[in-house]
Amino acid sequence: MKKLFLIGALATSILTFQACNSNSFKTGNTDTTNIETGDNYLSQDTSSTSKNMEETSFAEKAASGGIMEVMLGKIAQANASSDKVKKFAMMMVKDHSKANDELMAIAEKMKVILPKEMMPMQEQMVADLKTKKGAEFDKAYMDMMVNDHNEDISLFENEAQSGTDVMLRDFAAKTLHTLKMHLIAAKSTQSELK
C-alpha cells in the first residue's frame with residue numbers, strides 16, 4: 001500500500017513539475033511579463049485577438065448584407081411594379097456589387113475568408129420577399145431597404161470610428177457615405193408609394 005502511495009505521489013510531483021516548467025517557459029519574465037509593471041503580454045494578445053474577431057465579425061456582416069442587397073435588387077427589378085422602385089433596385093445592385101468586390105479584396109489581404117452566402121436571417125427575408133409581387137412587393141421591399149440601411153449605417157459608423165484595421169476602417173468610412181445616400185433615396189421612394 002505504501003508503494004502505491006509513493007508511486008502516486010512521485011507521478012503527481014513529476015506532472016506538477018512538468019506543468020510548472022512548461023508554463024514558466026511560455027510565460028517567463030524575460031519573454032512576456034514586464035518586470036516593472038507586472039503586466040502579462042499574453043493578456044494583451046488576447047485583447048488583440050478579440051479586436052481581430054470584432055473586425056472579422058464586421059467584415060462577415062458587411063459581406064452577408066451586401067450579398068443580400070444585390071440579390072434583393074435583382075428580385076426587385078423583376079417583381080416591382082413601380083419604376084422608381086426598379087430604379088432604386090438597379091442602384092442597389094450596382095453600388096453593393098462594387099462594395100462587395102472592394103470588401104473581398106480587403107479580406108483577401110487580411111487572409112480572412114468571407115461568406116459567399118447570406119446569414120440565415122437574411123435568407124429568410126429574401127424568401128419572404130420573393131413571394132410578393134406588384135404594389136405589395138414595392139412596399140415590403142422599400143420598408144426593408146429603409147430598415148436595413150438604418151442598421152447598416154450603425155454598423156459601418158461603429159467600424160469607421162472604432163475599427164482597428166486601417167483597411168476595414170477606411171472601407172467603412174468610404175461606404176458610409178453611399179449607405180447614407182441609399183437611405184435618403186429609400187425613404188424618398190418609400191414615401192412616394194403611400
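The values are calculated or read from the model by the stated rules, or taken from the named source; none is laboratory data. These numbers come from a predicted model, not from an experiment. Here the Cβ positions follow ideal geometry from the backbone for every residue, glycine too, while neighbour counts run over all protein chains shown. When the accessible area is computed, the model is the full protein with side chains, heavy atoms only, and any ligands, DNA or RNA have been set aside. Shrake-Rupley method; radii C 1.70, N 1.55, O 1.52, S 1.80 Å.
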Self-check item: Alpha-carbon spread of region 132-194, three principal axes, descending order, Å
Solution: 44, 19, 13
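Which of rounded, prolate, oblate describes region 95-139, given a ≥ b ≥ c as roots of the alpha-carbon gyration tensor eigenvalues and a/c under 1.5 marking rounded, otherwise prolate only if a/b is larger than b/c? Numbers along the way, then the final one.
Working: a/c = 5.84, a/b = 2.26, b/c = 2.58.
In terms of gyration-tensor shape, oblate.
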Self-check item: Accessible area expressed per residue, region 102-194, with surrounding protein chains retained (probe 1.4 Å, Å²)
Solution: 59
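Exceeding 29 Å between C-alpha atoms, which entries from my cross-link table qualify? They are 84/132; 109/130; 111/187; 111/174.
Details: 84/132 17 Å; 109/130 35 Å; 111/187 37 Å; 111/174 21 Å.
Those over the limit are 109/130; 111/187.
Compute the projected area of the convex hull of the Cα atoms of region 40-194, averaged over all viewing directions, and report it in nm² to one decimal place. Mind dumping the intermediate values first?
Values: hull surface 36.8 nm².
If you wrap the Cα atoms of region 40-194 in a convex hull and average its projections, you get 9.2 nm².
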Quiz item: So for 97, 191, what's the accessible-area order with a 1.4 Å probe, most first?
Solution: 191, 97
Quiz item: Ignoring ligands, DNA and RNA, what percent of the accessible area of region 74-191 is carbon or sulfur (1.4 Å)?
Solution: 56
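For a quick protection proxy, order the peptides 147-160, 60-73 by their average other-Cβ count within 10 Å, most packed first. Each step should come with its number before you reach the end.
Details: 147-160: 17.7, 60-73: 21.9.
Highest to lowest by the protection proxy: 60-73, 147-160.
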